[in-house]
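Participant: The structure is given below, and queries will be raised subsequently.
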Amino acid sequence: MGIRKREDSIKSQYNKSRLKFDESTYHYSSEEKEREFIQSQFSTKDEMRRYQEYRKEWHRRSDEMDPGSFPLAVICELVSVCNLTCEMCYTRTPEFQKTIVGKQRMLPWDIVVQIIDECVELGVYSMLFSWRGESTLYHSKGSDGKWHDFADVLAYARHKKILEITSLTNGRVLKDLLIEKIVKAQPSWLSFSIDGFGDDYGKIRKSLKIEKMKRPFDIVVDNIKKMIEVRRVLGLTMPQIRTNTIYPPISNNPERYRLFMESIGVGLVTINEMLDYRGAELPEDAVMDDWFCQYPFQRLVVSANGMIMPCPGAHNEDDEVVIGRYVGIPYKNIVIEGVTKTIEYPEITLKKAWESEKVKRIRKVHREGKRKEIQVCKHCRHGAKKHGYAWIPDDWDMQEMRWKDRVWRNG
């Protein structure tokens, strides 16, 4: 089927590391389609040169376990909540919001501006404006007295000349005006999570009351088509569109999925290996010994409540890996069994977080192959033994497209 790992040609230039590091996303579109997808994002030779520089440095840091002097990329989570409750998602319970995220579930506009400005000062190449929640829900009033939405965030990052501006979305709450604003904001690419084809998609990403009788799959497809049409009318090449799926819901005919997505104008089709996020801990035999996390050497994460972490695997915001709270963010308040608990992490900038003793220790244990000393890292799903993109777990119900065991951590 031509499914492959991303950037194998760049990775092959680096072979110093004795430990394994890998991502669970596979590219399904052809290498030619991938080249077109990338080239469409950069209008000048200098921009393309900087992008190639960024990607080579991404792999060099991973191979040499060298953090450099600044993060190459920053994940800035605008919203921690989602309009959907997908069957494989660890955020699907209300308890997750209360006991993990806490009161603040949307990053204030003024803080978003500060983060983008600091990224520019540091030389950050790439910003991803999503993580656990649905970023197109973003709506925040700034000190300027104005309300700002998702497109305003993208537009500000483009205005400040961030090289690569991206976001993930389920694409279900996009209205025509927001679609036009997003295209005019000129993010590099947007990734639409479309798990499955037709009715199988709707089993995982179920219909919402506001969608009435329209099929969920048709809604997200129509929104992609609208975005591509607005882009065409305006004579633009961005945002490029990527779609991503887990394999089980397309396993009966993966080629149909790829060909359909490319036929409507999707530039890159990707597949994620299934990761099991249900339990709080992994069984011992599922934990890889010779693996380390590349992310603390490459990027930082700022959550919607302002917590700074070294990787996107720290979605439970465990104390072991939270470096601090971004400057201007109040203390974090969570509710456990009806009791409010205040967590007083110190204020910190991205620069100070990158240089902090806490993140240095995290890098050290990974560099030495001792990541299991940090419980969060030991039980991170990225470090679990992999089965390949075509893995269909025994306890995944192929008829209902859900886990058979409905016991979830955080409720």
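Participant: Carbon and sulfur: what percent of the chain's accessible surface (1.4 Å probe)?
Facilitator: Carbon-and-sulfur percentage of accessible area, whole number: 51.
Participant: State, as an integer percentage, the relative contact order of segment 202-343 based on alpha-carbon contacts under 8 Å between residues 6 or more apart.
Facilitator: Relative contact order for segment 202-343 comes out at 12 percent.
Participant: I've got another one for you. Please give the charge dipole size of segment 266-411, origin at the Cα centre, charges +1 on K and R Cβ atoms and -1 on D and E Cβ atoms. Round to the nearest 20 debye.
Facilitator: Once rounded to the nearest 20, the dipole reads 640 debye.
Participant: Starting from the Cα gyration tensor of segment 77-212, take the square roots of the eigenvalues, sort them a ≥ b ≥ c, and report rounded, prolate or oblate (rounded when a/c is under 1.5, otherwise prolate if a/b is larger than b/c, else oblate).
Facilitator: prolate
Participant: Can you list the lysines whose alpha carbon sits under 21 Å from that of K386, skipping same-chain ones fewer than 8 residues off?
Facilitator: The reachable lysines, counting only those whose Cα sits under 21 Å from K386, are K5, K11, K20, K370, K372, K378, K404.
Participant: Same structure, new question: Assuming R0 = 51 Å, what is the FRET efficiency of E347 and D8, from their Cβ-Cβ distance, to the nearest 0.05?
Facilitator: Efficiency, from the Cβ-Cβ distance: 0.80.
Participant: Give the aspartates and glutamates whose C-alpha is closer than 13 Å to that of K160, dropping any in the same chain fewer than 8 places away, or say none.
Facilitator: D117, E118, E121, D152
Participant: OK, next. Restricting to Cα pairs below 8 Å that are 6+ residues apart, what does the relative contact order work out to for the chain? Please round to a whole percent.
Facilitator: Normalised by residue count, the contact order of the chain is 22 percent.
Participant: Under the rule a/c < 1.5 gives rounded, and otherwise a/b versus b/c splits prolate from oblate, where does segment 303-392 land using the Cα gyration tensor?
Facilitator: Taking the square roots of the gyration eigenvalues as a ≥ b ≥ c, segment 303-392 is oblate.
Participant: Something else about it: Exceeding 31 Å between C-alpha atoms, which entries from my cross-link table qualify? They are K103/K358; K98/K184; K184/K360; K45/K146; K184/K214.
Facilitator: Check vs 31 Å cut-off fails for K98/K184; K184/K360; K45/K146.
Participant: Shifting gears a bit: How large is the helix-only mean residue ellipticity at 222 nm for the chain, computed as the sum of -39500 (n - 2.57) over DSSP H runs with n ≥ 4, divided by its residue count, in deg cm²/dmol to the nearest 500?
Facilitator: Calculated mean residue ellipticity at 222 nm is -8500 deg cm²/dmol.
Participant: Would you please name the trypsin sites (Lys or Arg not before Pro) within segment 134-167 that are DSSP coil residues with at most 15 other C-beta atoms within 10 Å of their C-beta?
Facilitator: Taking segment 134-167 and a limit of 15 other Cβ atoms within 10 Å, the loop trypsin sites (Lys or Arg not before Pro) found are K146, K160, K161.
Participant: Ok, one more. Determine the sum of side-chain charges near K203: Lys and Arg each +1, Asp and Glu each -1, restricted to other residues whose C-beta is under 13 angstrom from that of K203.
Facilitator: Cβ neighbours under 13 Å give a net charge of -2.
Participant: Can you give me the Cα centroid spacing of segment 50-109 and segment 235-252 in angstrom?
Facilitator: A separation of 20 Å, based on Cα centres.
Participant: Sequence-distant or interchain residues sharing an amide H contact under 5 Å with A304, placed H: which?
Facilitator: Amide H neighbours of A304: E77.
Participant: Let me ask something else about it. How large is ³J(HN,Hα), in whole Hz, for each residue of segment 378-390 in order, when computed from phi with the Karplus curve 6.51 cos²θ - 1.76 cosθ + 1.60 and θ = phi - 60°, using x for Gly and Pro?
Facilitator: Residue by residue, segment 378-390 yields 4, 9, 5, 5, 5, x, 7, 4, 8, 10, x, 4, 8 Hz.
The values are calculated or read from the model by the stated rules, or taken from the named source; none is laboratory data. Everything quoted here is computed from the prediction, not taken from an experiment. Every residue, glycine among them, receives a Cβ derived from its backbone with ideal geometry; neighbour counts consider all protein chains shown. Protein only, heavy atoms only, side chains kept; ligands, DNA and RNA dropped before computing areas. Shrake-Rupley method; radii C 1.70, N 1.55, O 1.52, S 1.80 Å.
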